[in-house]
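Here's the structure we're looking at; comments come further down.
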Amino acid sequence: MKTLAVLEQRDGKLRKVSFEVVTAARRLGGPVDAVVCDTTDREGCAAALADKAKAGGYRAVVFTATATGRDLAPRVAGRLGVGVAADLTDLAADGDAIIGTRPVYAGKALQKVRVTARPAVLSLRPNIFTPDEAAAGVKPETLSVTSSGRVKVSEIKPAPAGTLDVAEAQVIISGGRGLKEPANFKVLEELAQAFGGRAAVGASRAVVDAGWRAHADQVGQTGKTVSPSLYIAVGISGAIQHLAGMRTSKVIVAINKDKDAPIFKVADYGVVGDLFEIVPKLTEEIRKLHG
Amino acid sequence: MKIAVCVKRVPDSETRVKISPDGKSLDEAGVKFVLNPYDEFAVEEALRRKEKAGSGEVAVFCLGPAAAQETIRTALAMGADRGVLLQTDKIPADPYETAKLIAAALKPDTWDLILFGRMAIDDYNHQIGSLVAQLLDLPCVTAVSHLDIQGAKGVAEREIEGGIEVLEFPLPAVVTADKGLNEPRYPALKGIMAAKKKPLEIKPVQPAAGGMEIVALAPPAERKEGKIVGEGAAAVGELVRLLREEAKVL
Ligand SMILES: Cc1cc2nc3c(=O)[nH]c(=O)nc-3n(C[C@H](O)[C@H](O)[C@H](O)COP(=O)(O)OP(=O)(O)OC[C@H]3O[C@@H](n4cnc5c(N)ncnc54)[C@H](O)[C@@H]3O)c2cc1C
Ligand SMILES: Nc1ncnc2c1ncn2[C@@H]1O[C@H](COP(=O)(O)O)[C@@H](O)[C@H]1O
């Protein structure tokens, strides 16, 4: 089974999700060709990828379900006359078909789909497939974008310098209404800093709707879906729509004063009590480790 | 402005998920269905565009079972002018088949704008809008949280990892709506009454099997039973030890 892996770059460097795509694509067996292309011309890039997929006779084309990948994959699929098996958390070859697993109904169920379309177009949820060492050496071919599309990226407004996107952080410390007021997010920012550049501060919808935090920081069904190594939920009750965005995190810690809060049902480790006492102490301990 | 909005009937996100005896689908008994939340942003945007233009039409398209008439009526109650139900008992597992049927229904008319939600909250497919755009050969921008239209030119913003992307495109176009695009209105009683009299056309459709089949639906693996480490700041030392030695994430 010959597979085309579509990688993502930023500032000329491959992003971590790219190694995940290569690793997952190899699971299908058979050779994997990796490509990148300039995504500022979305339609042109989609056309180039579709042409490559057709010309190369690939059995499967694999994307990552980042903001860019989610935009690009269906454009390519549409050109190939197939749908996307989207946001997969697992995949395997099944004879001539591909079986993919995808969370549905806000993560309350897992759907297994059997894809017989040719080529199969797949997208993978980021941070689920652990990149293996072999993937690190991947040298993607850069596709040239020839046909010029109608949709153009005219500008990218970067987030304030030094802020790590929640979708990309290894550690996420999310705050909810329990923080009481926007200025109190400082205690979470200090904890994030103690992790030294690996951590981002996320938020529940309640505090985003209240205008305390930016929508880009929102985790959940109407925000971002994240799977960091460590997710610390602080003063968040654990509504189903919040869980939808973070339940595939590797390790979940909950800090909440209400011992019956639903967040404790998904947490690996819980601490019951006042976050304003617990978080500063935790920051101190983490600083000691990293100091 | 002539605007089409595609809407989906989905289980409310609070729904307790029970799996049917077939092991492949949701047991719908007792499930409350709603208009997909992202599609509310799409309907609202269409209404505002029409209001701003001072004239035009907002037509709502939905592929789904007979009960989806209710979903369309919700959009009509918000202020849309007419609805079309592409009626089928089963929504295809292959999004491409859904997209083909929707594109075929839209094709006979010319639209200035075709709006979708960014994704349906039941299947998280995140693609019907783009596939329809491809089938109709229209430019498409997805997951838009800000939209500006001047004449036949659109400028949209969408969130990406680490920032905001600004895109330019010509109309007519397909746009998919993200949270933040607007504040959807609640249907007023007057709107609900008026909606009952608005035209709702029902067209039976026969989806093809496509290239994707659902083979199983199962509850997610239970997370390993968690533990309450303790209470208050005194528990932090033990928490850090567990994160280091047991979970190995520090
Ligand atoms: C269609 C739809 C989509 C949605 N999408 C999302 C989404 O994407 N993301 C999302 O998060 N929500 C989403 N929601 C909202 C969700 O249902 C909840 O309302 C929201 O997550 C609650 O936020 P919260 O946990 O911050 O607030 P609350 O539920 O008010 O919880 C606050 C918690 O803080 C605790 N607390 C208070 N004081 C302290 C203290 N001093 N120390 C420790 N703990 C304290 C309390 O015990 C409580 O558990 C959505 C809802 C709908 C209907
Ligand atoms: N059955 C359907 N009928 C009408 N519109 C749909 C249907 N399914 C999806 N859509 C539209 O496509 C968007 C994206 O859905 P999806 O690709 O399924 O996540 C939704 O927000 C709707 O606007």
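Assorted remarks:
- Flag for B:Val7 being open to solvent by less than 40 Å² (accessible area, probe 1.4 Å) and more than 11 Å from chain A (Cβ to nearest Cβ): yes
- Inspection of the range B:57-71 finds no residue satisfying the criterion of being of a type in the set (Gly, Ala, Ser) and within 16 Å of ligand 1 (Cβ to nearest atom).
- First in the range B:209-221 and without any contact (Cβ under 8 Å) to a residue 60 or more places away in the chain and at the interface with another protein chain (Cβ under 7 Å from one of its Cβ atoms), second anywhere and among the small types (Gly, Ala, Ser) and part of a loop (DSSP other than H, G, I, E, B), Cβ under 8 Å, 6 or more apart: B:Pro220/A:Gly107
- In the range B:211-250, the residues that are open to solvent by 40 Å² or more (accessible area, probe 1.4 Å) and assigned to a loop (DSSP other than H, G, I, E, B): B:Pro219, B:Ala221, B:Glu222, B:Arg223, B:Lys224, B:Glu225, B:Glu246, B:Lys248, B:Leu250
- Selected residue (criterion: nearest to the chain's Cα centre (by Cα)) from residues of the range A:73-93 that are open to solvent by 10 Å² or more (accessible area, probe 1.4 Å) and more than 9 Å from chain B (Cβ to nearest Cβ): A:Thr89
- Evaluated against (1) more than 8 Å from every other protein chain (Cβ to nearest Cβ); (2) under 19 Å from A:Glu190 (Cα atoms); (3) open to solvent by 20 Å² or more (accessible area, probe 1.4 Å), A:Ile255 falls short on exactly one condition, (3).
- Test for B:Gln150: is it within 11 Å of chain A (Cβ to nearest Cβ), more than 14 Å from the chain's Cα centre (by Cα) and not basic (Lys, Arg): no
- Condition met for A:Lys139 (in contact (Cβ under 8 Å) with a residue 24 or more places away in the chain, touching a strand residue (DSSP E or B) at 6+ places or on another chain (Cβ under 8 Å), closer than 30 Å to B:Leu147 by Cα and not aliphatic (A, V, I, L, M)): no
- Output for the range B:158-186, where each listed residue is at the interface with another protein chain (Cβ under 10 Å from one of its Cβ atoms) and farther than 16 Å from B:Pro139 by Cβ: B:Glu159, B:Ile160, B:Glu161, B:Gly162, B:Gly163, B:Ile164, B:Asp178, B:Lys179, B:Gly180
- For the range A:137-163, a residue qualifies if it is assigned to a loop (DSSP other than H, G, I, E, B), under 15 Å from A:Gln9 (Cα atoms) and either of a type in the set (A, V, I, L, M) or open to solvent by less than 80 Å² (accessible area, probe 1.4 Å) (or both), and the qualifying residues are A:Val138, A:Pro140.
- Scoring B:His126 on the criteria (1) surrounded by 20 or more Cβ atoms within 10 Å (Cβ to Cβ); (2) more than 30 Å from B:Ala218 (Cβ to Cβ); (3) within 16 Å of ligand 1 (Cβ to nearest atom); (4) without any contact (Cβ under 8 Å) to a residue 60 or more places away in the chain leaves a single failure, condition (2).
Residue by residue, here is whether (1) among the hydrophobic types (A, V, I, L, M, F, W, C); (2) farther than 22 Å from B:Ala80 by Cα holds:
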residue: B:His146; (1), (2): no, no
residue: B:Gln150; (1), (2): no, yes
residue: B:Lys153; (1), (2): no, yes
residue: B:Gly163; (1), (2): no, yes
residue: B:Phe169; (1), (2): yes, yes
residue: B:Ile214; (1), (2): yes, yes
residue: B:Leu217; (1), (2): yes, yes
residue: B:Glu225; (1), (2): no, yes
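- Matching residues, the range B:13-48, being within 12 Å of ligand 1 (Cβ to nearest atom), over 18 Å from B:Asp178 (Cα atoms) and open to solvent by less than 40 Å² (accessible area, probe 1.4 Å): B:Thr15
- Any chance A:Ser237 is within 9 Å of ligand 1 (Cβ to nearest atom), small (Gly, Ala, Ser), open to solvent by 10 Å² or more (accessible area, probe 1.4 Å) and in contact with a strand residue (DSSP E or B) (Cβ under 8 Å, 6 or more places away or on another chain): yes
- If you go through the range A:41-58 and keep only what is in contact with a Leu (Cβ under 9 Å, 6 or more places away or on another chain) and open to solvent by 10 Å² or more (accessible area, probe 1.4 Å), you end up with A:Ala48, A:Asp51, A:Lys52, A:Lys54, A:Gly56, A:Tyr58.
- Residue within the range B:187-201 that is at the interface with chain A (Cβ under 7 Å from one of its Cβ atoms) and either touching a Phe, Trp or Tyr at 6+ places or on another chain (Cβ under 8 Å) or surrounded by fewer than 17 Cβ atoms within 10 Å (Cβ to Cβ) (or both) present: no
- Filter result (of a type outside the set (S, T, N, Q), in a strand (DSSP E or B) and within 16 Å of ligand 1 (Cβ to nearest atom)) within the range B:142-183: B:Ala143, B:Glu159, B:Ala177
- Residue list for the range B:89-103, restricted to those being more than 7 Å from chain A (Cβ to nearest Cβ), open to solvent by 30 Å² or more (accessible area, probe 1.4 Å) and either over 14 Å from A:Ala77 (Cβ atoms) or within 16 Å of ligand 1 (Cβ to nearest atom) (or both): B:Asp89, B:Lys90, B:Ile91, B:Leu101
- Candidates B:Gly117, B:Gly129 - the one that is in contact with a Cys (Cβ under 7 Å, 6 or more places away or on another chain), within 26 Å of A:Gln241 (Cα to Cα) and small (Gly, Ala, Ser): B:Gly129
- The lone criterion from (1) over 17 Å from B:Leu243 (Cα atoms); (2) within 7 Å of ligand 1 (Cβ to nearest atom); (3) within 11 Å of chain B (Cβ to nearest Cβ) left unmet by A:Val207 is number (3).
- Complete set of residues in the range A:279-291 that are within 7 Å of another protein chain (Cβ to nearest Cβ) and either without any contact (Cβ under 8 Å) to a residue 40 or more places away in the chain or open to solvent by 50 Å² or more (accessible area, probe 1.4 Å) (or both): A:Lys281, A:Glu285, A:Leu289
- All of (1) assigned to a loop (DSSP other than H, G, I, E, B); (2) open to solvent by 40 Å² or more (accessible area, probe 1.4 Å); (3) near ligand 1 (Cβ under 7 Å from one of its atoms) hold for A:Phe276 with one exception: (1).
The values are calculated or read from the model by the stated rules, or taken from the named source; none is laboratory data. This structure is a prediction, so every number in the text was calculated from the model and none was measured. Note: ideal-geometry Cβ built from the backbone for every residue, glycine included; neighbour counts use all protein chains shown. Only protein heavy atoms, including side chains, enter the accessible area calculation; ligands, DNA and RNA are left aside. Shrake-Rupley method; radii C 1.70, N 1.55, O 1.52, S 1.80 Å.
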